[in-house]
Amino acid sequence: MPVAAPGELLVRVEFAGVNPFDWKIAEGLLEGSRPHLFPLVLGVDAAGTVESVGPAVDRFRSGDRVLGQFLHDPVGTGTYAEFALVPQGIGVARAPPELSFPEAAALPTAGMTALASLEALALEDESVLVIVGASGGVGSFATGLAAARGIRVSAVARAGSAARLRALGAQEVIDPTSSDPTAALKTAHPNGVDGLLDVMSDASGFARYLALVHRGGAAWSTTYAADARALGQAAVRGGNIDLQPNAALLERLVRAVVHHRLPVPLERKVRLSESPAALAELKAGRGHGKTVVDVRA
């Protein structure tokens, strides 16, 4: 069994979350920028129980239920494993009893990205927010979190996800495969929308949706598709979300989910042996909601 260093927790992983970041790491996203340990163990999100703590740890103790984004150097010491060593200073928080381990494992990266995006949008109650790519993990969390704030969500997602997104609080769902979503949104909101959160489009796609946002509105991309000059010309504040995972953000997310009793968009649980297929589906754009890996199975 691994031994926790002075500032580390040793976490017995129950479930690991599946994220696009996982296959991107496998394909060399961080190569050259951070040290790696081979063979790579993938996975950044997890939930489990603290097995032991190093002598310098003061936020946690043995037996605590925790969740978090466990990514740290060296890359490759991931969460698709029975145990994970985690520095206490990264995005780790206690998991409340209201959340099961699978739900907790689904939260960290996608949920923090969604919450950070909504905080950047800073929309008021009754504002209209378009979420492009709403069926995925980030989009699903953003839909639920925004609706809980009284924001009117127009979700752009395929028809097969419509019922689930409406259950999360979306007021309308636009299927991009059956019509021109920007035309449909312009017809529904002739005076423009207040905000845009795009978790899917490239630069040209983001620009098309940006045209729907009225002057003084806000538009953010999680795919680095936003152009500062175009935003300025449109008199729209916004940019690209660069998630900085931290315990405070994660704790705000957990409080929001528990307080509003938000359903965690957990689509399925897979065995560890099934994780390569789950990652392949995510890479191909066929992922809906969140998938978690039962590392015990």
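The values are calculated or read from the model by the stated rules, or taken from the named source; none is laboratory data. The structure displayed is predicted, hence computed values, not measured ones. Here Cβ is always computed from backbone atoms with ideal geometry, including for glycine, and neighbour counts include all displayed protein chains.
Condition test on residue 235, is it on the phi > 0 side of the Ramachandran plot and aliphatic (A, V, I, L, M)? Spell out the reasoning first.
Numbers: on the phi > 0 side of the Ramachandran plot: yes; aliphatic (A, V, I, L, M): yes.
Spelling it out, residue 235 is indeed on the phi > 0 side of the Ramachandran plot and aliphatic (A, V, I, L, M).
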Enumeration of residues in region 172-221 that are over 21 Å from the mean Cα position of the chain (by Cα), of a type in the set (Gly, Ala, Ser) and farther than 13 Å from residue 123 by Cβ: 178, 179, 183, 184, 188, 192, 204, 207, 211
Any pair with Cβ under 9 angstrom, 6 or more apart, that starts in region 127-138 at a residue that is in contact (Cβ under 8 Å) with a residue 60 or more places away in the chain and ends at one that is of a type in the set (Lys, Arg) and in a helix (DSSP H, G or I): 135/164
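Of the residues that sit in region 21-65 and are of a type in the set (A, V, I, L, M), in contact with a helix residue (DSSP H, G or I) (Cβ under 8 Å, 6 or more places away or on another chain) and at pLDDT 95 or above, which one is nearest to residue 255 (Cα to Cα)? Can you show your working first?
Let us first name the residues in region 21-65 that are of a type in the set (A, V, I, L, M), namely 25-26, 29-30, 37, 40-42, 44, 46-47, 50, 53, 56-57.
Restricting the remaining residues to those that are in contact with a helix residue (DSSP H, G or I) (Cβ under 8 Å, 6 or more places away or on another chain) gives 26, 29, 40, 42, 44, 46-47.
Cutting the leftovers down to at pLDDT 95 or above gives us 42, 44, 46-47.
Values: 42: 28, 44: 21, 46: 18, 47: 16 Å.
Checking each candidate, the answer is 47.
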Criterion violated by residue 79 - all others in (1) crowded, with 21+ Cβ neighbours inside 10 Å; (2) in a strand (DSSP E or B) satisfied: (2)
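Quick check on my filter: what residues within region 282-297 are free of Cβ contacts under 8 Å to residues at least 40 places away in the same chain and either surrounded by 14 or more Cβ atoms within 10 Å (Cβ to Cβ) or of a type in the set (A, V, I, L, M) (or both)?
So in region 282-297, the residues free of Cβ contacts under 8 Å to residues at least 40 places away in the same chain come out as 284-286, 297.
Correct list: 284, 297.
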All positions within region 243-290 that are under 13 Å from residue 16 (Cβ atoms), touching a helix residue (DSSP H, G or I) at 6+ places or on another chain (Cβ under 7 Å) and modelled with pLDDT of 95 or more: 269, 270
Criterion: closer than 30 Å to residue 171 by Cβ and buried (at least 17 other Cβ atoms within 10 Å of the Cβ) - qualifying residue of 122, 84, 93, 116: 116
Search result, residues across region 94-116 that are out of contact with any strand residue (DSSP E or B) (no Cβ under 7 Å at 6 or more places or on another chain) and charged (D, E, K, R): 98
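Could you list, in sequence order, the residues of region 256-297 that are basic (Lys, Arg) and either under 22 Å from residue 26 (Cα atoms) or in a strand (DSSP E or B) (or both)? Walk me through it before giving the result.
Here is the first cut: in region 256-297, the residues basic (Lys, Arg) are 261, 268-269, 271, 283, 286, 290, 296.
Of everything in region 256-297, those that are basic (Lys, Arg) and either under 22 Å from residue 26 (Cα atoms) or in a strand (DSSP E or B) (or both) turn out to be 268, 269, 271, 283, 286, 290.
For region 12-26, how many residues are within 17 Å of residue 74 (Cβ to Cβ) and either of a type in the set (Val, Ile, Thr) or touching a residue at least 60 places away in the same chain (Cβ under 8 Å) (or both)? Outline the logic, then answer.
Going residue by residue through region 12-26, those that are within 17 Å of residue 74 (Cβ to Cβ) are 21-22, 24-26.
From what's left, either of a type in the set (Val, Ile, Thr) or touching a residue at least 60 places away in the same chain (Cβ under 8 Å) (or both): 21-22, 25-26.
Of the residues in that region, 4 qualify.
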Given (1) closer than 27 Å to residue 287 by Cβ; (2) surrounded by fewer than 22 Cβ atoms within 10 Å (Cβ to Cβ), number of the condition residue 195 does not satisfy: (2)
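Just to be sure before I move on: is residue 178 crowded, with 19+ Cβ neighbours inside 10 Å and either at pLDDT below 95 or not assigned by TED's automatic domain parsing to the domain that holds residue 268 (or both) in the structure I sent?
In short, no.
Out of 127, 135, report the one residue that is of a type in the set (S, T, N, Q), touching a Lys or Arg at 6+ places or on another chain (Cβ under 9 Å), assigned by TED's automatic domain parsing to the domain that holds residue 201 and at pLDDT below 95.
On the way: 127 fails: at pLDDT below 95.
From the options 127, 135, the qualifying one is 135.
Please indicate, with yes or no, whether at least one residue in region 41-56 is in a loop (DSSP other than H, G, I, E, B), outside the structural domain of residue 223 (by TED's automatic domain parsing), closer than 17 Å to residue 4 by Cβ and in contact with a strand residue (DSSP E or B) (Cβ under 6 Å, 6 or more places away or on another chain).
Restricting attention to region 41-56, the residues satisfying the condition of being in a loop (DSSP other than H, G, I, E, B) are 42-44, 54-56.
Now restrict to residues that are outside the structural domain of residue 223 (by TED's automatic domain parsing): 42-44, 54-56.
If we keep only those that are closer than 17 Å to residue 4 by Cβ too, we end up with 54-56.
Now restrict to residues that are in contact with a strand residue (DSSP E or B) (Cβ under 6 Å, 6 or more places away or on another chain): 54.
The answer is yes; a qualifying residue exists.
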